[in-house]
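What follows is a single structure, written as structure tokens, with notes after it.
The values are calculated or read from the model by the stated rules, or taken from the named source; none is laboratory data. Computed from a predicted model, the values in this text were never measured in an experiment. Here the Cβ is made from the backbone with ideal geometry for all residues, glycine too, and neighbour counts use every protein chain on show.
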Amino acid sequence: MEYQRLIDRILLETKPLAKNGKVASYIPALAEVSPEKYGISISTLERQRYNTGDHDVLFSIQSISKVFTFSLAYARLGHKIWERTGREPSGTAFNSLIQLEHEHGIPRNPFINAGAIVVADILLSIFPDPKKVLLDYVRELANNESINYDENVAFSEKASGHRNFALAHFMKSFGNIQNSVEDVLDIYFHQCSLALTTDQLACSFLFLANDGVNPHNNRQILTASQAKRLKALMLTTGLYNESGDFAFRVGMPGKSGVGGGIVAVIPNLLSIATWSPPLNEMGNSVAGFEALERFTTYSGKSVF
């Protein structure tokens, strides 16, 4: 019950901070989400789950989905994946075109948009129906068959996704997109539209707290080495250009999305997910970021 009391306290303390942020509006479907929504969930390797606030409300996980698609591709390609994407912090906006010109169409890392689009291209080359494979994969990780895409969000993503089309076509000109841009982006827009609750999201990241093994069915998703490297990427690049500050203040590998979600893990212990839609200038949840800092501060638990 210590975790329950802790997240109840943190939610009350940090909910007022949401007024300092703004809900993402460049994707029309996200602009419709209430800024008042706020949930926090913890899932432990001891099969305990703790929830508070709007933990049972579905929301668009957006860029958090990049962890799912990357882990799918990484499990198949292994180290060869680094021929298509780098693993360094970008230093520029998550949807920037500038670096691609200098680096010949190779994205800095798989968690910026360009990198995730390359990963979607890889999945399209591997699987006949990558959207179904991805959905089944996330359902397995979360141990929940009800998870699905939000088609309204996917449509909204496509209708407003001009920068992502530009990124994909630009990389194709360098030979780093091998399939149809339209087909690749259909996967990308759908992955971003995955709708989960904070409870489901926390459960789905437990495999990274468990050395790459899904604790719900004991299936090896990634090798321990791959899981370690993925968590390192999350720590250094998972929160856009605020990744360094997140590592400094929070001390957990994490991944955020412009839907207002953040999920983080402590190896061999737990995963924790927050959702509060108002974002700061970097595209991260204002209340969620602060909640995770207070969680590691109050509990004394982090990766450091």
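When A154, A195, A227 are screened for being closer than 23 Å to A31 by Cα, without any contact (Cβ under 8 Å) to a residue 40 or more places away in the chain and not charged (D, E, K, R), only A154 passes.
Scanning region 189-224 for residues that are aliphatic (A, V, I, L, M) and not in a loop (DSSP other than H, G, I, E, B) yields L194, A195, L196, L201, A202, L206, L208, A209, V213, A224. Taking (1) exposed (fewer than 14 other Cβ atoms within 10 Å of the Cβ); (2) touching a residue at least 40 places away in the same chain (Cβ under 8 Å) in turn, S180 satisfies each apart from (2).
Can you confirm whether L185 is under 30 Å from C203 (Cα atoms), in contact (Cβ under 8 Å) with a residue 60 or more places away in the chain and crowded, with 19+ Cβ neighbours inside 10 Å? The answer is yes for L185. Here K66, K37, K80 are screened, and the one residue that is of a type in the set (D, E, K, R), out of contact with any Ser or Thr (no Cβ under 8 Å at 6 or more places or on another chain) and either in contact (Cβ under 8 Å) with a residue 40 or more places away in the chain or not in a helix (DSSP H, G or I) (or both) is K66.
The residue list S146, S71 contains one member that is farther than 25 Å from H162 by Cα and surrounded by fewer than 14 Cβ atoms within 10 Å (Cβ to Cβ), which is S146. Scanning for something under 15 Å from the mean Cα position of the chain (by Cα) and of a type outside the set (G, A, S), does region 70-84 turn up at least one residue? There is at least one residue in region 70-84 that is under 15 Å from the mean Cα position of the chain (by Cα) and of a type outside the set (G, A, S).
Residues in region 280-302 that are farther than 15 Å from I10 by Cβ and touching a strand residue (DSSP E or B) at 6+ places or on another chain (Cβ under 6 Å): N284 only.
The residues of region 117-147 that are in contact (Cβ under 8 Å) with a residue 12 or more places away in the chain, more than 17 Å from S204 (Cβ to Cβ) and either within 15 Å of the chain's Cα centre (by Cα) or in a loop (DSSP other than H, G, I, E, B) (or both), listed by number, are I117, V119, A120.
Taking first residues from region 199-222 that are without any contact (Cβ under 8 Å) to a residue 40 or more places away in the chain and partners that are assigned to a helix (DSSP H, G or I) and buried (at least 20 other Cβ atoms within 10 Å of the Cβ), the Cβ contacts under 8 Å between residues at least 6 apart in sequence or on separate chains come to G212/A227; V213/F207. Per the listing F94, F127, F59, F70, the residue uniquely touching a strand residue (DSSP E or B) at 6+ places or on another chain (Cβ under 6 Å), hydrophobic (A, V, I, L, M, F, W, C) and either modelled with pLDDT of 95 or more or over 17 Å from T198 (Cα atoms) (or both) is F59.
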